[in-house]
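What follows draws every value from the coordinates through simple rules; no lab data is involved. Keep in mind the model is a prediction, meaning the values are calculated, not measured. Don't worry about glycine lacking a Cβ; one is built from the backbone with ideal geometry, like all the others, and counts go over all protein chains shown.
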Amino acid sequence: MNAATGNQSTKYLYEDPFNAALATNTIYPDSADTTSAGTDQVKVSYWLDGQPDTRTDQRQTVLTHVYDSQRRLSYQGATALGGATDDAVRAIKRDYDTMGRVEKITSYPNADATGTAVNQVQYVDAYGKATVRNANFTLKGAYGLYTGIA
């Protein structure tokens, strides 16, 4: 128990019309919301297969999840920005190798994962060593040299 604020609890609502096991709303202890009608909570909508479709946070920033034909997460894009949200990166895209493993993760300035890449992490060898690519830096990491892209 927190001596200053007393007991705190996070409230989860399960209001998905197709799967009652999916948490659709998360209401944190600092919120005055008590139902799904409020806005000071995290709201998630789902596809019929249970994969997340959209996630709206307390600032009203909406993340949309887009999947490839094999239902792997292709990218997450910030389709609406609320509050004091930084807009330098609006999407995170994942590329997969032929075995279905994540091969590279790239951030983009547009919500549909287009434009000039801002950052990129790429798995480049059989040992799983990652290379971080960014036009603005080169640094030494625990698994070798991280290099920038021009």
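Summary of values
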read-out: Some residue of the stretch 60-70 being of a type in the set (Phe, Trp, Tyr), surrounded by fewer than 14 Cβ atoms within 10 Å (Cβ to Cβ) and touching a strand residue (DSSP E or B) at 6+ places or on another chain (Cβ under 8 Å); value: no
read-out: Complete set of residues in the stretch 87-103 that are under 17 Å from Ala117 (Cβ atoms), assigned to a loop (DSSP other than H, G, I, E, B) and of a type outside the set (A, V, I, L, M, F, W, C); value: Asp87, Arg90
read-out: Selection count, the stretch 23-81, where residues are assigned to a loop (DSSP other than H, G, I, E, B) and over 23 Å from Thr10 (Cα atoms); value: 9
read-out: Lone unmet requirement of (1) exposed (fewer than 12 other Cβ atoms within 10 Å of the Cβ); (2) touching a residue at least 24 places away in the same chain (Cβ under 8 Å); (3) within 23 Å of Val42 (Cβ to Cβ) for Asp86; value: (2)
read-out: Failed item in (1) surrounded by 13 or more Cβ atoms within 10 Å (Cβ to Cβ); (2) of a type outside the set (Ser, Thr, Tyr); (3) more than 12 Å from the chain's Cα centre (by Cα); (4) under 15 Å from Val62 (Cα atoms), with Val102 passing the rest; value: (4)
